[in-house]
Amino acid sequence: MRTEPEPAAANGVAADAPKPLLDVRNLTVRFEMLRRTVHAVSGVSFSVREGETYAIVGESGCGKSVTALSLLKLLSMPPARITNGSVYFDGQDLLELSETRLQDLRGPAVSYVFQEPMTSLNPSMKIGWQIAESCKKHFGMNREQALARAREVLQQVQLPDADERLDSYPHQLSGGMRQRIMIAIAIVCSPRLLIADEPTTALDVTIQAQILDLLSDLQKRTGAGMILITHDLAVVAEYADRMMVMYAGRKVEEGPVDAILSNPRHPYTRGLLQAVPRLGSSLSENSGRSLSEIPGIVPLLDRPFIGCPFAPRCESAIERCRSESPPTVEFADGCQSACILSESMGAPE
């Protein structure tokens, strides 16, 4: 039985802060396969406020996208199953809603920018109608009105020759154009929360910056909250307000971006930061050493953990890490860290 959301302070947000737009509590997701069960997300909690950019970071396989897809029940069920938790959006638990009611909210309330536009767009449908059909469904517009709104949104995402693009098919557009189309589809109904899942995947650096600036500008103009899923800590530093670091389907660290990047308390976060190339550095300046790396790989999630799941890869691990579940420690700067050694962790060199 699900309970009402706890005060926002439990997610590292001050108790007197505005009520969160999205409040996720103890989200737990399993994939029940024929011979095994994959524990993809285990007890994850976080909140997002209006106008805030909340980043979710971690290696591939850590549960970032599964967490985001679960919020709107976009996973295939089965094999996926949400076994526990609540997802409160504007006071109502999305996980308790019927599929019909969720369809009414997808678009006008919460919208999703998927990772790969070439596989997310319909190859047999013109771009114009892929954008416009949401307006017809949610706002009752006729075809002409919906296409006019689609043209307006294409101009907002700075896609040139909007009239020509309305009659184009996805294969006729570049990767950057397709990504702008995905953003146009996501914002056409003016959602209050936008989930951007690796929105710059497979794009070159220049186009990446344009897409991220576009998302940031749209958010500032509309006041929407945004969840930004990314591997890129430089993107997090530039665009996000708060962040959550995930590992093996769990939240291991959370807090304001500046606080975490300047003083990470979890060894996994420290490892991610130390693996980032420094601007202006060179191999010769580092005595010929290669970039730091975190040894090993993300563990399989089809078996229960004893102790900390990061312990096998952690250079700081002690015997307790292999036998005790790490507690979540809260700090005065609004950060949380799930590590036995959190209080002794200093800023990385």
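The values are calculated or read from the model by the stated rules, or taken from the named source; none is laboratory data. Note that the structure is a prediction, hence the values are computed from the model and not measured. Positions of Cβ are generated from backbone atoms using ideal geometry, with glycine treated the same way; all protein chains shown enter the neighbour counts. These accessible areas exclude ligands, DNA and RNA; they are computed on the full protein's heavy atoms, side chains included. Shrake-Rupley method; radii C 1.70, N 1.55, O 1.52, S 1.80 Å.
Per-structure values
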{"quantity": "Per-region count, segment 218-251, residues acidic (Asp, Glu) and either at pLDDT below 85 or in a loop (DSSP other than H, G, I, E, B) (or both)", "calculated": "2"}
{"quantity": "Qualifying position, being modelled with pLDDT of 90 or more, among the hydrophobic types (A, V, I, L, M, F, W, C) and in contact with a helix residue (DSSP H, G or I) (Cβ under 7 Å, 6 or more places away or on another chain), among Phe31, Phe46", "calculated": "Phe46"}
{"quantity": "Filter result for Arg180 (open to solvent by 30 Å² or more (accessible area, probe 1.4 Å) and not assigned by TED's automatic domain parsing to the domain that holds Val48)", "calculated": "no"}
{"quantity": "Flag if Thr119 is over 24 Å from Leu228 (Cβ atoms) and among the polar types (S, T, N, Q)", "calculated": "no"}
{"quantity": "Glu133, sole failed condition from (1) more than 20 Å from the chain's Cα centre (by Cα); (2) at pLDDT below 85", "calculated": "(2)"}
{"quantity": "When residues of segment 284-324 are limited to those that are at pLDDT below 85 and outside any loop (DSSP other than H, G, I, E, B), the one least open to solvent (accessible area, probe 1.4 Å)", "calculated": "Asn286"}
{"quantity": "Lone unmet requirement of (1) part of a helix (DSSP H, G or I); (2) small (Gly, Ala, Ser); (3) open to solvent by less than 10 Å² (accessible area, probe 1.4 Å) for Ala196", "calculated": "(1)"}
{"quantity": "In segment 199-217, residue modelled with the highest pLDDT [restricted to those that are in a loop (DSSP other than H, G, I, E, B) and under 15 Å from the mean Cα position of the chain (by Cα)]", "calculated": "Pro199"}
{"quantity": "Positions within segment 231-259 being touching a strand residue (DSSP E or B) at 6+ places or on another chain (Cβ under 6 Å) and among the β-branched types (Val, Ile, Thr), in sequence order", "calculated": "Val236, Val245, Val252, Val257"}
{"quantity": "Segment 28-45, subset in a strand (DSSP E or B) and out of contact with any Leu (no Cβ under 8 Å at 6 or more places or on another chain), residue most open to solvent (accessible area, probe 1.4 Å)", "calculated": "Glu32"}
{"quantity": "Cβ-Cβ under 9 Å pairs, at least 6 apart or on other chains, segment 222-242 side at positive phi, far side open to solvent by 10 Å² or more (accessible area, probe 1.4 Å)", "calculated": "Gly223/Glu50; Gly223/Gly51; Gly223/Arg192"}
